[in-house]
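The values are calculated or read from the model by the stated rules, or taken from the named source; none is laboratory data. These numbers come from a predicted model, not from an experiment. Backbone-built Cβ (ideal geometry, glycine too); neighbour counts: all protein chains shown. Areas reflect the complete protein model, heavy atoms only, side chains present, ligands, DNA and RNA absent. Shrake-Rupley method; radii C 1.70, N 1.55, O 1.52, S 1.80 Å.
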Amino acid sequence: MLFAEEELVDRHVGIGEYRGLEFLHVNARRVINEVPAASRMPFRFTINAYRGCSHACVYCFARPTHEYLGLGIGEDFERKLVVKVNAVERVRAELRSPRWRGDHIAMGTNTDPYQRAEGRYHLTRGIVEALGDARNPFSILTKSTLILRDLDLLVAAAARTDVRCNLSIGTVDEAVWKATEPGTPHPRRRIEAVQRLNDAGIPTGVLMAPIIPGWSDAPEQLEEVAAACVEAGAVFVTPIVLHLGRGVKEHFLAFIKEHHPDRHAALARRYARSAYLTPGEQAVIEARVNAVVAPQRRRRTTADTFGHPTRVDIASPPDAEPTPDAAQAPGAGRNEQLPLISPT
């Protein structure tokens, strides 16, 4: 069921605040994974300490990766979570290897490093500390405000190496948020996290992802998100329109048909022939966001804590969200007390 480089240790059923989740503990032989060159990612190496995600975002591009484990892309992806329990010790060992060249490492490329499981296992915290100790540059993409728990370690690491954070905030519309990403923190709290991270000297941007056609792409909706992120000090704001790759399209459209049938026909039609909207439709959305961001880009010229000019960019960040096709390849990416978890 697991990948060849992993060994199943045991299974744990969550209790208390983790009720309804099952954790598959594995020992991984490698944790720093190299991205295939053919994927054309803007980074070469990733760390994903978990697989599956309790955020339960209905559109998540990583859902099909659970199929390679012999699990489903629906509830299994949201509730049966792989935990690489030896991730921290493996990262420290791999960073010490003479073959390691100190490349930038991206986290959050295939599953959220600050999902609920992190509150129990603290793997991301340990990895951040290890990367900081090794002065190894890294970045984090998350939808979770739990990242603020590790602000002390992020600040310490940023004093030694290049550290960047990215928050994913596709909408501040309450109805859209509750329907499509029910396990995530409120988007307004995520915007507050953007401000706190930037105020602490951690360059943090926003991926407005995903923007759902006909549901969260109205001009006033886009403007509200973009303006709030700029006000919070985001160093970039990048709109990313919903992508529906293999497997995800079927899962997402089935969800829409069951729970929001009035939106199903239009979405099914727009994604009937492609996983993407047309370039023209995407350009319209980007222009709406840029209309909010551009004036702020020209205005904000004060220096940040590193002495570099502060600006807001519309362009994609250095380690933007990976394309779903790359994430779906086999092997891609590859409160806090023990009593909250009981073994089966």
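Share of carbon and sulfur in the accessible area of the stretch 177-264 stands at 51%, probe radius 1.4 Å. What the Cβ-Cβ distance of ALA275 and LYS178 gives, at R0 = 22 Å and to the nearest 0.05, is a FRET efficiency of 0.30. Looking at the stretch 183-249, the accessible area is 30 square angstrom per residue; that uses a 1.4 Å probe and ignores ligands, DNA and RNA. Sorting CYS165, CYS60 by accessible area puts them as CYS60, CYS165; the probe is 1.4 Å, largest comes first, and only protein heavy atoms count. Amide H contacts of VAL9: HIS25, VAL26, ASN27, each under 5 Å away and 5 or more positions distant or on a separate chain (H built 1.01 Å from N in the peptide plane; Pro and chain starts excluded). Sorting 263-269, 140-146 by average packing, meaning the other beta carbons within 10 Å per residue, from highest down gives 140-146, 263-269. Take the stretch 40-155 with all the other protein chains still there, run a 1.4 Å probe, and you get 34 Å² of accessible area per residue. With the full set of protein chains in place, find how many percent of the accessible area of the stretch 1-114 is carbon and sulfur; take the probe as 1.4 Å. Here carbon and sulfur together make up 49 percent of the probe-accessible area.
Between the stretch 8-59 and the stretch 142-185, the alpha-carbon centres lie 17 Å apart. Between ALA265 and ILE15, the modelled labels are 5.1 nm apart [label points 7 Å from Cα along Cα→Cβ]. GLU286 exposes around 90 Å² of accessible area when a 1.4 Å probe is run over every protein chain in place.
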